Amino acid sequence: MSDVLQPTAGDGRDTTPPGVRLAQTRQAQNLSAADVARQLKLSVWQVEALEAGHYQKLPGPIFVRGFIRNYARIVKLDPDEVLRSAGESMPQPAARAEAPPSRDIPFPTAQAARWPKYAAAAVVIFGALAVYEFEFNEPAAPVQQAAVTPVPASPAAAPKSEFRPMQADAVAAPVAATPEPTTQPAAAVPATEPATQPAVQTAATPVAERPLRRGEKRVKLEFQRESWVEIRDRNEKVIFSQLNPPGTSQQVVGLPPLSIVVGNAHGVRMTFDDQPVDLASHTKIDVARLILQ
């Protein structure tokens, strides 16, 4: 192989195609195309195309130069010298046409996004509505209902107290007109009984206690001020709902848990299963809301 004459240029530069020079050096080192392909991680046909100068079968000019450079290192040749010897025989990358510069292209001016401001305002508004709904609107509803519904009931109690003296006078009039003095003691007895008997029954009704059934609990209420009370049992059924005048008391029996709403709670005393209940700790805006187990 040393007797082979290599073509040279006028300046003494070797003009042998790089593929031929690489193939001759490989054969001189007793290497096969498969050995070089294995080290370059290429297929055998790609190595043969590189040695034959069929660069159009390979991926592109950049890859061809890289293959030649790595091939030269394997056979211990100077890669730069091999590439220089190729000259114009190496494929050249296609020149890219330059795009003309743009002229007077309007660009939109950047504007600050406004949606964060609107989102923050919406959050503040919804927060204010939620606070008003839960803190002011909901507790005030029972108090307003209590003030409206029981108004007709208060004048109804007045005729009873006015009617009793009239009944006593009506009974006493025939007694005074009777000429026989022996009938006066007998007539006075029925005159006192109708007046006192209903009063005793009315006073005993709120404090009467019936025996508790299985699972029931008793709630006792004493009203020092006028108060509206609503009580629901564990089935959410209303078992007590009315306006209570001051100086009265009530007893309610039901299956716990009992949901209780007490208006004007500062003027009410409550016991549950004969144990006092602190309404102040459950009171907000003079309305107590609690659940007794």
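At a glance:
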{"item": "Order by protection proxy (mean Cβ within 10 Å, highest first), peptides 43-49, 258-264", "result": "258-264, 43-49"}
{"item": "Extension gain, Glu133 back to Val238 (0.36 nm per residue minus Cα-Cα distance, nm)", "result": "35.4 nm"}
{"item": "Reachable lysines, given that their alpha-carbon falls under 18 Å from the alpha-carbon of Lys237 and they are not under 8 places away in the same chain", "result": "Lys217"}
{"item": "Cα-projected label distance for Gln24 with Arg213, points at 7 Å along beta-carbon direction, nm", "result": "11.8 nm"}
{"item": "For peptides 243-252, 223-232, sequence by mean Cβ density within 10 Å, most packed first", "result": "223-232, 243-252"}
{"item": "For region 24-90, accessible area per residue (1.4 Å probe, heavy atoms of protein chains only), Å²", "result": "58 Å²"}
{"item": "Peptides ranked, highest mean first, by Cβ atoms within 10 Å: ranges 20-28, 117-125", "result": "20-28, 117-125"}
{"item": "Net charge of neighbours whose Cβ lies under 12 Å from the Cβ of Pro276, counting Lys and Arg as +1 and Asp and Glu as -1", "result": "-2"}
{"item": "Nearest-0.05 FRET efficiency for Ile285 and Val123, computed from C-beta distance (R0 35 Å)", "result": "0.85"}
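The values are calculated or read from the model by the stated rules, or taken from the named source; none is laboratory data. None of the values given here were measured: they were computed from a predicted structure. Virtual Cβ from ideal backbone geometry, glycine too; neighbours counted across all protein chains shown. Remember, those area values only see protein heavy atoms, side chains included, never the ligands or the DNA or RNA. Shrake-Rupley method; radii C 1.70, N 1.55, O 1.52, S 1.80 Å.
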